[in-house]
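Structure record follows, encoded as C-alpha cells.
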Amino acid sequence: MTSLNGLTYQVRTFGCQMNKHDSERIDGMLEALGALASDDVEKAEVVIFMTCCVREAADVRLLGQVASLKGSGKLIAVGGCIGQRDGARLLEKAPHVDVVFGTHNIAHLPALLAAALEGHGAQVEVLDGSEKSAAPSAMALPSRREHSWHAWLPIMTGCDNYCSYCVVPFVRGRERSRPLEEIRDEVRRLVDEGVQEITLLGQNVNSYGRDLYGSPRFAEVLREVGASGIARLRFVTSHPKDLSDDTIAAFAETPAIMPQLHLPVQSGSDAILAAMNRHYTAAHYLELVEKLRVACKAAGKDVALSTDLIVGFPGEREEDFEATLALVRAVGFAQAFTFIYSRREGTPAAALEDTSPRELIQGRFDSLVELVQKSAWEQNQKELGAVLPVLFEGSSKRDARVLVGRSPKNQTVHAPLSEGQSVENFVGCLGTVRIEEARTWYLRGLLVQT
Ligand code: SAH
Ligand code: SF4
C-alpha cells in the first residue's frame, strides 16, 4: 500500500456529534500513519468530507463545497451519511470525487486513499450495516481528540426507531452497542490521561445494551462511568419513550452527571407525534420532565432541559403548532434546536402529502424561535448571583482577554482575565465564576479566587 507518510489532509465535518467523533477517529488513524492534518485548504493534498444527510441543506452544502474543489488537483474523499446513502451514485453528481466511503468502514479509509493515490481510479466502498467489516469497528479505533480535556465516547451506533421523517436508521444501520468491558477500559484510559469531561454518544443511548444483553443497561453505564473519577459526564441523545425510571434515578443520584439533559420532543401535538412514529404523547413527555425534576430536586440538582423541535411536518395544522408552543412554554427549555421539516427520500414521511405554504411554515418557525429564545433568556436569569464551577475552553473570539467556558448546565460562561493571568493556565481546568450578567446565549461573571 502506498505510504501516507507526510501526506497533508483536511477533514471537513458536517452534522452531529457522531460525525465529529468519526472525524477524530480519522485524524487518529491518519496521523498514526504519518499523515499531517492541515487547517489550510491550500496546503492540503487530500480533503475528506464527513457528511450529514438529515436535512436537505446539508446535501446542498456538500455539493457546493465539492464543486469548488474541482480542478484543484486535490484528492477528494466523501464519507459519513451521504457516502453511505449514495455510494457510487455520488459520482454521477460529482464525477471528480476520488473516494466514497460509508459509515461502517471508516477503518478502510487509509487503504482507499492509498489506492486512489496509486491511480487505480475512483474508490467506492460502502458496507451494509449487517456485513462484518474485516476492519475493527469504528467505535474502537484510536482517535485524536480535538481537546485534551474532553472526550466523545460512542457507546452505541445506529438506530432502530424509524421516526417517520428520519434518514438516520437507513444510513447508520441498526442499533449496535459496544460491550461494557470495552467502555470501562476506554473510560479508565481517558481518566488516566487527565480528561475532565466525557460525553457518551449514541443516537438513542437509553436503549444501550438491548442488542447485546437483551435489555437496556444504560443506567448501569451512567453509574459506572460516573464513579470512574471523571469530573463531568454528559450524554446524547435520549429518546423520551426509552427514558426509564432507573435512568432518571441514576441521572439524579450520580454527582458527576451534569444537570443538563437533551430530550428531543419534536412536537407538542399528539397527532403529529403519532404521525412521526415517536411512541409518546405530549402528556407523557411532561410527566417525564416532572419525574426528572422531582428526582433531581431530591438529590440537590436543578436540571436544565434542551430539546429538538420540527416545524412543518406534513399535515401540521395551526392547532398542532399551538400545541408545540404550549409545550415549550410548559417545560421552560434552556435551549432548543429548531428545524423546518425537510423531506427525505426513502423515509415513510416522504410519501405524505405536504401542502402547507412555505411562508406559513416559515412564520411558525420564526415565532417558535422567538419563544425558545425568550425561554433561554428566562432560564439564564436564574443564574444571576450564582457561583458556578466552569470548565474553561479558551478565550472569546471577540476579546482574547475574556475566558470562555461551560457551566454544569452547559451554558456558555464568559469571565475577563485580570492583569497577569493568562488563558493557557485556565484552558481545560475547572474554575469558579460569580455570575453578574445573564443574556440569551451566555452568562458573564467574575473569576472567584479559590
Ligand atoms: N437520534 C437523535 C438525533 C437525530 S437527528 C434524536 O433522536 O434526537 C437530530 C435532529 O434532527 C432530530 O432530533 C430532529 O429534530 C431533526 N431531524 C431529523 N430528521 C429531520 C428531517 N427530515 N427534517 C427536519 N429535521 C429533522
Ligand atoms: Fe432519527 Fe428518530 Fe432514530 Fe433519532 S430516534 S436518529 S430522530 S429515527
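The values are calculated or read from the model by the stated rules, or taken from the named source; none is laboratory data. The model shown is predicted, which means the values in this text are computed figures rather than measured ones. Note that each Cβ is placed from the backbone with ideal geometry, even for glycine, and that neighbours are counted across all protein chains shown. In case anyone asks, the SASA skips ligands and DNA or RNA and just uses the protein heavy atoms, side chains included. Shrake-Rupley method; radii C 1.70, N 1.55, O 1.52, S 1.80 Å.
Here's the yes/no breakdown for (1) among the acidic types (Asp, Glu); (2) in a loop (DSSP other than H, G, I, E, B); (3) surrounded by 14 or more Cβ atoms within 10 Å (Cβ to Cβ):
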position: LEU309; (1), (2), (3): no, no, yes
position: PHE313; (1), (2), (3): no, yes, yes
position: LEU325; (1), (2), (3): no, no, yes
position: ARG329; (1), (2), (3): no, no, no
position: PHE333; (1), (2), (3): no, yes, yes
*In region 265-294, how many are in contact (Cβ under 8 Å) with a residue 60 or more places away in the chain and either under 18 Å from ASN410 (Cβ atoms) or β-branched (Val, Ile, Thr) (or both)?*
1
*Residues of region 1-51 being open to solvent by less than 20 Å² (accessible area, probe 1.4 Å), of a type outside the set (A, V, I, L, M, F, W, C) and under 16 Å from VAL78 (Cβ atoms), which ones?*
TYR9, ASN19, ASP22, SER23, THR51
*Among the residues of region 165-180, which ones are within 11 Å of ligand 2 (Cβ to nearest atom) and in a helix (DSSP H, G or I)?*
VAL168, PRO169, PHE170, VAL171, ARG172
*Name the residue, out of SER342, SER306, that is under 30 Å from GLU383 (Cβ atoms) and of a type outside the set (Asp, Glu).*
SER306
_Any hit, region 187-208, residues being within 12 Å of ligand 1 (Cβ to nearest atom), among the charged types (D, E, K, R) and either in contact with a Pro (Cβ under 6 Å, 6 or more places away or on another chain) or free of Cβ contacts under 8 Å to residues at least 40 places away in the same chain (or both)_ = no
*Can you tell me which residue within region 125-138, out of those that are open to solvent by less than 60 Å² (accessible area, probe 1.4 Å) and modelled with pLDDT of 75 or more, is nearest to LYS74 (Cα to Cα)?*
GLU125
*Looking only at region 80-101, decide whether some residue is away from ligand 2 (no atom under 16 Å from the Cβ), among the basic types (Lys, Arg) and farther than 28 Å from GLY202 by Cβ.*
yes
*asked:* Can you report the number of residues in region 288-301 which are of a type in the set (A, V, I, L, M) and surrounded by 19 or more Cβ atoms within 10 Å (Cβ to Cβ)?
replied: 3
*Any idea which of THR2, THR8 is of a type in the set (S, T, N, Q) and modelled with pLDDT under 95?*
THR2
_What's the total number of residues in region 346-368 that are without any contact (Cβ under 8 Å) to a residue 60 or more places away in the chain and within 16 Å of ligand 2 (Cβ to nearest atom)?_
1
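Each row is one residue, and each column tells you yes or no for (1) within 16 Å of LEU327 (Cβ to Cβ); (2) more than 16 Å from ligand 1 (Cβ to nearest atom).
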| position | (1), (2) |
| --- | --- |
| PHE218 | no, no |
| VAL225 | no, yes |
| SER238 | no, no |
| ASP245 | no, yes |
| ALA249 | no, yes |
| THR254 | no, yes |
| LEU263 | yes, no |
| SER267 | yes, no |
| ASP270 | yes, yes |
*asked:* Given the criteria of a type in the set (Gly, Ala, Ser) and open to solvent by 30 Å² or more (accessible area, probe 1.4 Å), does ALA304 qualify?
replied: no
*asked:* Between a residue in region 147-168 that is free of Cβ contacts under 8 Å to residues at least 60 places away in the same chain and any residue that is within 16 Å of ligand 2 (Cβ to nearest atom) and basic (Lys, Arg), which pairs come within a Cβ distance under 7 Å, given they are 6 or more apart or on different chains?
replied: MET156/ARG176; GLY158/ARG172; GLY158/ARG174; GLY158/ARG176; CYS159/ARG172; ASP160/ARG174
*asked:* Given (1) free of Cβ contacts under 8 Å to residues at least 60 places away in the same chain; (2) within 13 Å of ligand 1 (Cβ to nearest atom); (3) of a type in the set (A, V, I, L, M, F, W, C), identify the lone condition not met by LEU371.
replied: (2)
